[in-house]
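Report on the structure given below.
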Amino acid sequence: MTGAPLGYLISAGTRAATIVPLTWFLTILSVVVCAVIGALLWFGVGRARGERAPVERRGDGLGWIRWGLALSALPMAVTLIWTMAALGRVVGPPRDARLTIDVTARQYWWEVRYADAAGSFVTANEIHIPTDTKVVVRLHGPDVIHSFWVPQLSGKTDVIPGQINVAWLEASRPGRYRGQCSEYCGLEHAQMAFEVVAERPDQFAAWRAGQQRPIPLPATPDAQRGLVVFKTQCAQCHALRGVGGGSGPDLTHLMSRAKIAAGTLDNTTGNLAGWILDPQSAKPGSKMPAQPLDGRQLNDLLALLKTLK
Ligand code: CUA
C-alpha cells in the first residue's frame, strides 16, 4: 500500500493524519453495519419462510424500536462528533503558515508560482515544500472547475473560476507525493497530475535558489540553433527566462523536473522527443499541438532543452 501513488489511507502530513483514522473508522463501521443488517435480514427471511420457529410476540414491540433507535443513533453520534473535530483541525488556512504558493489549474496542467520576500519565479506540475512547515496554497482557476488533491497530505479543494480557494499542506517527512485533479474538467482530466516534493528546509532552500538562478544562453552550436527553433515553434505558449509564454508551462528549469506533461511521462530525452512530435498520442485532448520538426530541428531543440537545468 505504501507504493500506491494516490494511497489515501497512508498519511504523510498533518491534515491527512487527521483524516485517515476517520476514514478507517467509517470503513470498518460501514462493514459492521452491513454485516449486522445482513444477519438480521437473513434471520427475518428464514422465519417468514417458516424455516425457523416464529417468535412469540409479546407487548407492543416498542422495546425493539427503542433498542433499534439507540443502536443506530450511537454510531451516527460518534461519526458526527469525530467528523466535526476533524474538520476543526483541517480547516484553514493556518495562521502560522510560513510559505504561500499560488497554484493555477489549467486544462490540463498546474502552474506553480512562488512570490514573496525570498524572490519570485514560476514552475509547473511540481510543488516543492519544506517539511514540518505549514504551506498555504492559493488556488486559481482561469478556465473550468478543477480540484486540488494530494491524498497523502490533504483532502480535496475545488478550484473555481472567479474566486481564490485556499488549501494548505504540511508534510511530516520528506518524499514525493502524487497529486491529482479530482474534478472532471475535460478529456484529459485523468492525466492532470502533479507532484508535491517535500524536502528538508535546507534542500528546499537550495532548490528554490536553483529555480531563481538565471539560465545561461546556450553555448554549443546545436543548442543555439535549438533556441531559434524554440522561438519559432514553442515561445508562443512556453516561457523561457521570463520571455514568451502564456498558455503552456514555463520551461526555464525544465530539466529540474522529474515528469513532463503534468505527471504523464518521465522526463527523459526519448519521452521529450515523442511528446514534442506527437503529444496527442500520449495525452489525447492536450492543448499542445504536434510540432512538425525534421530530425535535425528536433535534435537541436532537445540540445537546448537539456541545458535548462
Ligand atoms: Cu482538471 Cu480535472
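Coordinate-derived values only; no laboratory data. The structure presented is a predicted model; accordingly, all values stated were derived computationally and were not measured. For neighbour counting, all protein chains shown are included, and Cβ atoms are generated from backbone atoms with ideal geometry for every residue, glycine included.
Nothing charged except the Cβ atoms of Lys and Arg (+1) and of Asp and Glu (-1): what's the magnitude of the dipole of the chain about its Cα centre? Round to the nearest 20 debye. Kindly include the intermediate steps, with their values, before the conclusion.
On the way: 31 positive and 23 negative charges, 100 e Å.
In debye, rounded to 20, the chain gives about 480.
Taking only complete DSSP H runs, can you tell me which helices of the chain stretch 30 Å or more along their own long axis by Cα positions and average at least 0.0 on the Kyte-Doolittle scale? Mind dumping the intermediate values first?
Numbers: long enough: 14-48 (52 Å, 1.65); 62-90 (42 Å, 1.25).
Once both thresholds are applied, what remains is 14-48, 62-90.
Beyond a 26 Å Cα-Cα separation, which of these cross-linked pairs lie in this structure: Lys156/Lys259; Lys231/Lys309; Lys134/Lys306; Lys134/Lys287; Lys156/Lys306; Lys156/Lys309? Before the final figure, lay out each step's value.
Numbers: Lys156/Lys259 22 Å; Lys231/Lys309 19 Å; Lys134/Lys306 34 Å; Lys134/Lys287 34 Å; Lys156/Lys306 35 Å; Lys156/Lys309 32 Å.
Correct reply: Lys134/Lys306; Lys134/Lys287; Lys156/Lys306; Lys156/Lys309.
Answer with one residue from Leu41, Pro292, Pro5: the one whose Cα lies farthest towards the positive end of the charge dipole of the chain, charges on Cβ with Lys, Arg +1 and Asp, Glu -1.
Final value for the positive-end residue is Leu41.
Got a sec? How would His189, His146, His128 order by Cβ neighbour count within 10 Å, fewest to most? All intermediate terms of the calculation are to be shown ahead of the outcome.
On the way: His189 18, His146 28, His128 21.
Listed from fewest to most nearby Cβ atoms, that is His189, His128, His146.
Could you list which residues have their amide H under 5 Å from that of Trp110, counting only those 5 or more apart in sequence or on another chain, with H placed in the peptide plane?
Amide H neighbours of Trp110, under 5 Å, 5+ apart: Asn125.
Answer with one residue from Leu26, Val144, Pro201: the one whose Cα lies farthest towards the positive end of the charge dipole of the chain, charges on Cβ with Lys, Arg +1 and Asp, Glu -1.
Leu26
Could you line up Leu87, Leu254 from fewest to most neighbouring Cβ atoms inside 10 Å? Walk me through the intermediate numbers first.
Values: Leu87 13, Leu254 22.
With the sparsest Cβ surroundings first, the list reads Leu87, Leu254.
Under a Cβ-only charge scheme (Lys and Arg +1, Asp and Glu -1), can you give me the dipole magnitude of the range 177-240 about the Cα centre, in debye to the nearest 20?
Values: 6 positive and 6 negative charges, 56 e Å.
In debye, rounded to 20, the range 177-240 gives about 260.
Take every DSSP beta bridge with both residues inside the chain and express the antiparallel ones as a percent of the total, to the nearest 5.
Details: 34 of 45 bridges.
Of those bridges, close to 75 percent are antiparallel.
D for the chain, whole µm²/s, Stokes-Einstein with Kirkwood Rh over alpha-carbon pairs at 10 °C and 1.306 mPa s: what number? Present the calculation step by step, with values, prior to reporting the outcome.
On the way: Rh = 22.6 Å.
The estimated diffusion coefficient comes to 70 µm²/s.
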